[in-house]
Amino acid sequence: MTEELKEIGLDVGHRRIGRLMRQNGISVVRARKHKVTTGSNHKFNIAPNLLDRDFNSDAPNQKCLLGTLLRNTLSDNRQVTSVTFGHVKDGCT
């Protein structure tokens, strides 16, 4: 912000800009770097995409969902896996 104001000819310092921004409730939002969470460079079998994002079905029990979640616990840093299963029309149970 300070550099942009100096480019247009205003003689201001970074402390003044910071004070004015705080007084007016303006804060800086920094862009975060993208963190890769999936290792796709492997030789494991990849399941075929049978649904192709078509979750509609004509009758119950034709299409099912399966979701997994791997997370660390806060207390002793163990990894816990949660699995959810459900029918598309009924939702996950």
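Going through region 16-44 one residue at a time, which ones are surrounded by 10 or more Cβ atoms within 10 Å (Cβ to Cβ) and of a type in the set (Val, Ile, Thr)? Explain how you work it out, then say what you get.
Residues of region 16-44 that are surrounded by 10 or more Cβ atoms within 10 Å (Cβ to Cβ), as a first pass: 16-22, 26.
Selection gives Ile17, Ile26.
Considering only residues that are part of a helix (DSSP H, G or I) and either acidic (Asp, Glu) or in contact with a His (Cβ under 9 Å, 6 or more places away or on another chain) (or both), look in region 1-44 and name the one that is modelled with the highest pLDDT.
Out of the qualifying residues, it is Glu7.
The values are calculated or read from the model by the stated rules, or taken from the named source; none is laboratory data. Being a predicted model, the structure only gives us computed values, none of them experimental. In this analysis, Cβ positions are derived from the backbone assuming ideal geometry, glycine residues included, and neighbour counts consider all displayed protein chains.
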